[in-house]
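Since the structure comes first, as structure tokens, the remarks are kept for the end.
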């Protein structure tokens, strides 16, 4: 997948990945990779700054925990984050409907 294709969608992807669960940063990266069938292989240098940005915006909160002797910062959605995710999902549905109408391949667009 082209990196430019993610532009503007990273926050929504991260929020969706955290929906209903609490994960540490690397687990978020793994979940995105698994959920996308391997198409999304995001570097930590992209994900962690985005998580910090989402935390500053009040969409996620983080907490430190120790697992197997290692300290990990785990993230979870806030109620504001869930509202933002729902808004992103609605916007995505609208976007895909509009673009699908043009790129759908049914020939209607070319006839108008």
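Of all residues in segment 45-56, those satisfying the criterion of being without any contact (Cβ under 8 Å) to a residue 12 or more places away in the chain and closer than 23 Å to residue 87 by Cα are 49, 52, 56.
Residues of segment 66-81 that are in contact with a strand residue (DSSP E or B) (Cβ under 7 Å, 6 or more places away or on another chain) and free of Cβ contacts under 8 Å to residues at least 24 places away in the same chain: 71, 78. Using beta carbons and a limit of 7 Å, which pairs, at least six apart or on different chains, have the first residue in segment 7-31 and without any contact (Cβ under 8 Å) to a residue 12 or more places away in the chain and the second one surrounded by 18 or more Cβ atoms within 10 Å (Cβ to Cβ)? The qualifying pairs do not exist here.
Those helices (runs of 4 or more DSSP H) of the chain in which at least 1 residues are at pLDDT 95 or above, considering only elements entirely within it, cover 10-18, 25-35, 44-56, 79-103. Only one of the listed residues (6, 42) is closer than 21 Å to residue 87 by Cβ, out of contact with any strand residue (DSSP E or B) (no Cβ under 6 Å at 6 or more places or on another chain) and surrounded by 13 or more Cβ atoms within 10 Å (Cβ to Cβ). That residue is 6.
The values are calculated or read from the model by the stated rules, or taken from the named source; none is laboratory data. Fair warning: this is a prediction, and the values are worked out from it, not measured in the lab. Note that we place each Cβ from the backbone using ideal geometry, even for glycine, and neighbour counts take in every protein chain shown.
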